[in-house]
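Visitor: Below you'll find the structure I mean.
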Amino acid sequence: MSNSSRCAACKSLRRKCPQDCVLAPYFPSNNPQRFSWVHKIFGASKITKMLQQLPVELRGEAADCMAMEAYLRVENPVYGSVGIIYQYQQQIIEVQNEIIKINGEIAVYNALLQHQQLQQHQDSFFSTDNDFNL
Amino acid sequence: MASSSNSPCAACKFLRRKCQPECVFAPYFPPDQPQKFANVHKVFGASNVTKLLNELQPSQREDAVNSLAYEADMRLRDPVYGCVGVISFLQHRLRQLQMDLSCAKSELSKYQNLGITAATTHNQHPNMGINLIGGGGGGGGGGGGGREHHFHHHQFFPREHQQQMIRSFDAGNNYDTGLLAMNVSASIGQLSQFQQPRAAAGDDRRTIDPS
């Protein structure tokens with residue numbers, strides 16, 4: 001097998017890339033960086049084992065997710081993807097609080113409008129123009 | 001220190017080796033939490049974890065181990081999506097909330113555009129600070145207020161089994177506040193590169209477009 005047909009994994013591991021290489025479909029030779037992340041964080045044998053335990057139709061998704069997790073861990077060695085989760089949670093709280101605040105303002109406007117409408121209704125009811133004099 | 005001189009840490013117990021005083025795992029894998037190391041070992045491997053920890057300052061290692069333990073746990077519970085499933089869910093939730101926020105702002109601006117500030121003799125609440133001369137615009141009072149589920153003040157957690165997993169990760173006060181300055185959308189924006197084009201049949205590995 002020529003060098004040019006080896007997947008990124010086998011190229012990185014300096015081994016022959018067999019026809020049934022588990023990693024080849026998910027780590028093509030044109031993206032060596034993707035495998036280097038995964039190799040650094042999970043290791044080749046771990047990721048091979050994890051993919052092998054999945055049905056073939058799910059392996060692509062799994063490889064993508066593991067590549068993402070590995071990348072996030074390389075970028076943030078302390079928190080990895082958990083750091084992103086935390087940030088999203090914080091942003092969600094901020095947006096929720098802003099919605100609460102705005103809904104509070106709307107409620108105030110509503111209350112004022114209702115109050116004004118009530119006032120206007122009462123005023124027109126007791127107006128001297130009304131022909132209620134007996 | 002998690003292990004006494006008599007009791008090996010969970011890592012050394014698992015690996016069936018003597019727990020040395022300078023064991024790098026001992027502070028973070030106490031013997032009463034064997035599953036923590038078992039999970040981390042299964043997903044990342046002991047030597048990778050050692051390497052990762054050795055690249056960090058000692059003050060960062062506990063957080064790193066806890067986050068690795070969480071990731072490992074999530075990956076074992078969801079072998080396809082792992083933590084990325086949680087991230088996707090939160091992204092979606094945030095987008096929904098941002099749309100809700102946009103609707104609420106739009107609703108508010110309708111009210112703000114309704115009235116011209118003016119004191120009226122009928123206004124019995126002069127200190128209210130917001131005076132409205134109402135047209136017929138008393139409707140739309142629901143605004144966003146009908147959506148009670150947005151009013152939760154508690155820390156948001158994903159639902160179902162993921163909820164339990166998030167809670168089991170003790171974030172506590174250990175997060176570096178510098179993280180809050182990170183640009184989440186920039187990080188996630190780059191992640192489309194992780195999606196590899198795939199052929200319909202998983203075995204047709206050679207059909208991947210090399211370009």
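The values are calculated or read from the model by the stated rules, or taken from the named source; none is laboratory data. Please read all numbers here as calculations on a predicted model, not as lab measurements. For neighbour counting, all protein chains shown are included, and Cβ atoms are generated from backbone atoms with ideal geometry for every residue, glycine included.
Visitor: Restricting to the stretch A:51-69, what's the tally of residues that are farther than 16 Å from A:Pro28 by Cβ and touching a residue at least 24 places away in the same chain (Cβ under 8 Å)?
Guide: Selection size over the stretch A:51-69: 2.
Visitor: What residue, of B:Glu55, B:Glu107, is under 30 Å from A:Ala111 (Cα atoms), within 8 Å of another protein chain (Cβ to nearest Cβ) and charged (D, E, K, R)?
Guide: Working: B:Glu55 fails: under 30 Å from A:Ala111 (Cα atoms).
None of the others qualify; the one that does is B:Glu107.
Visitor: Restricted to the stretch A:71-92, and to residues that are within 7 Å of another protein chain (Cβ to nearest Cβ) and aliphatic (A, V, I, L, M), which residue is surrounded by the fewest Cβ atoms within 10 Å (Cβ to Cβ)?
Guide: A:Ile92
Visitor: Would you call A:Phe35 modelled with pLDDT of 95 or more and more than 7 Å from every other protein chain (Cβ to nearest Cβ)?
Guide: On the way: modelled with pLDDT of 95 or more: yes; more than 7 Å from every other protein chain (Cβ to nearest Cβ): yes.
The answer is yes for A:Phe35.
Visitor: In the stretch A:38-70, what count of residues is obtained for those that are assigned to a loop (DSSP other than H, G, I, E, B), more than 7 Å from chain B (Cβ to nearest Cβ) and farther than 18 Å from B:Tyr81 by Cβ? Don't jump to the end; show me each part of the working.
Guide: Step one: list which residues in the stretch A:38-70 are assigned to a loop (DSSP other than H, G, I, E, B), which gives A:42-43, A:53-55.
Still in the list and also more than 7 Å from chain B (Cβ to nearest Cβ): A:55.
Narrowing the set further to residues that are farther than 18 Å from B:Tyr81 by Cβ leaves none.
The qualifying residues number 0.
Visitor: To continue, here is another question. Looking at (1) more than 8 Å from chain B (Cβ to nearest Cβ); (2) not in a helix (DSSP H, G or I), can you tell me which one A:Gly104 breaks?
Guide: Among (1) more than 8 Å from chain B (Cβ to nearest Cβ); (2) not in a helix (DSSP H, G or I), A:Gly104 violates only (2).
Visitor: May I ask you to verify whether A:Asn110 is over 16 Å from B:Val86 (Cα atoms), over 17 Å from the mean Cα position of the chain (by Cα) and facing chain B (nearest Cβ under 7 Å)? Spell out how you get there, then give the answer.
Guide: Numbers: over 16 Å from B:Val86 (Cα atoms): yes; over 17 Å from the mean Cα position of the chain (by Cα): yes; facing chain B (nearest Cβ under 7 Å): yes.
So A:Asn110 fits the description; yes.
Visitor: Out of curiosity, is B:Phe29 more than 8 Å from chain A (Cβ to nearest Cβ), closer than 19 Å to A:Val78 by Cβ and in a loop (DSSP other than H, G, I, E, B)? Working first, answer last.
Guide: Values: more than 8 Å from chain A (Cβ to nearest Cβ): yes; closer than 19 Å to A:Val78 by Cβ: yes; in a loop (DSSP other than H, G, I, E, B): yes.
Spelling it out, B:Phe29 is indeed more than 8 Å from chain A (Cβ to nearest Cβ), closer than 19 Å to A:Val78 by Cβ and in a loop (DSSP other than H, G, I, E, B).
Visitor: Which residue, of B:Leu90, B:Leu76, is buried (at least 23 other Cβ atoms within 10 Å of the Cβ) and under 20 Å from A:Glu61 (Cβ atoms)? Write out each step before concluding.
Guide: On the way: B:Leu76 fails: buried (at least 23 other Cβ atoms within 10 Å of the Cβ).
Answer to the selection: B:Leu90.
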